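Some notes on the structure that comes next.
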Amino acid sequence: MAPHPRPPQARDADDRLYPMLGPNPMALLNVLFVVLLVGQALLTALFGLLQLSKHIRKRNAAMLNLLLVSILSVLPQPLLFYGQDILNPHPPFALCLVQAILKNGVDPMYSAASLALVLEVLYEGEFIPCYFTRKVRVYLLIAFPYAVFAVFAVITASLAAAAPKAVRHATDDYYCTVGVMLDHVFHILSSSVVVLTLALQAYTIVQYRRLWRNMPSVRPHRCFGRGLYLRVLAFNVCQLFLVALTTLNWYFKNPVTHIVPIAFQAAMPLVTFLIFASSPDVLAACMWWARGNEPLLQPSVMDAPVSGVEPEDPLPHADRLGTEDASAEV
């Protein structure tokens, strides 16, 4: 995985390209990329388990899309590493441009996928109006992050075409950029989406608690119950923490404020896996030696359609509360 052996003068090149990553920047980068790829592999395994296992409740479509986006968001980061240009201050233009386009696209896509999941919860609870059928709405929410990716990728490609010299491997960054100012603008937009997502989630929790408090006989539906709120809340808090760390690095240029956000960003796939793999049915399904041959769920539950695919309401309302079975769980 590491680049080929380098001549002795390469250490001086490391110091010039990564002066804020400590005395041995390549060792740190190796560790970060291992953590990054382990997290991606675990997320891929979790996504496959949620899709294929008969012992796990079916997940909400927006939830699965968030996991898929988390997997895809890892792809641009190690491109220079794979191309053995991680220590090259002037990597090939095509490789550098592709990485800059992909990274500027996946960062806001990552935030948009989380926002789409929170909007889905609000729509299902009928706390905000929706003028589409359920199937159309779910398709739109699933497509929303990829549309955001396309917009930001096209903007980046257009600016790179107008100013090719702006495409470069920036100092102390393991990826290519199309200008620091553009990176800051995209970061501010992504940060705004993260803050909006947390605000909407807080509003969702308040509305659901009010519903359950006014009608004590109501029990939260498993599809949008406590597990969903806690896991998505933890995920969004981690996103906000990463945004705060990156912003601090703008104002305090020192090795600590630079290394910590890079390390946390590399660990985000692993953190995401730990958050969403901690649900009881996933843990029980992984304990195959204790499960035996009996399924964890009744066939009637497993055969229930996924939220957003079939026309049943995953959130029971007052006239049918407590009469429906759980069809999905996060």
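What follows is calculated from the coordinates using simple rules that are stated; it is not laboratory data. Everything numeric in this text was worked out from a predicted model, so none of it was measured. Cβ coordinates were reconstructed from backbone atoms using ideal geometry, including for glycine residues, and neighbour counts include every protein chain displayed.
Tabulated data
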{"quantity": "Packing rank of 110-120, 248-258, where each peptide gets the mean count of other beta carbons within 10 Å, highest leading", "calculated": "110-120, 248-258"}
{"quantity": "Arg168 long-range amide H proximity, modeled H, under 5 Å", "calculated": "Thr177, Gly179"}
{"quantity": "Likely footprinting exposure, Ile101, Ile142, fewest C-beta neighbours within 10 Å first", "calculated": "Ile142, Ile101"}
{"quantity": "Rg/Rg_globular for the range 44-167, with Rg_globular taken as 2.2 N^0.38 Å and Rg from C-alpha atoms", "calculated": "1.31"}
{"quantity": "Hypothetical label at Ala45: residues of the range 74-116 whose amide nitrogen lies under 11 Å (7 Å Cα-Cβ projection)", "calculated": "none"}
{"quantity": "Label-point separation, Met181 to Ala27 (7 Å along Cα→Cβ), nm", "calculated": "4.0"}
{"quantity": "Prolate/oblate/rounded call for the range 41-288, Cα gyration tensor, a/c under 1.5 rounded", "calculated": "prolate"}
{"quantity": "Protection proxy ranking of 128-138, 25-35 - average other beta-carbon atoms within 10 Å, highest first", "calculated": "25-35, 128-138"}
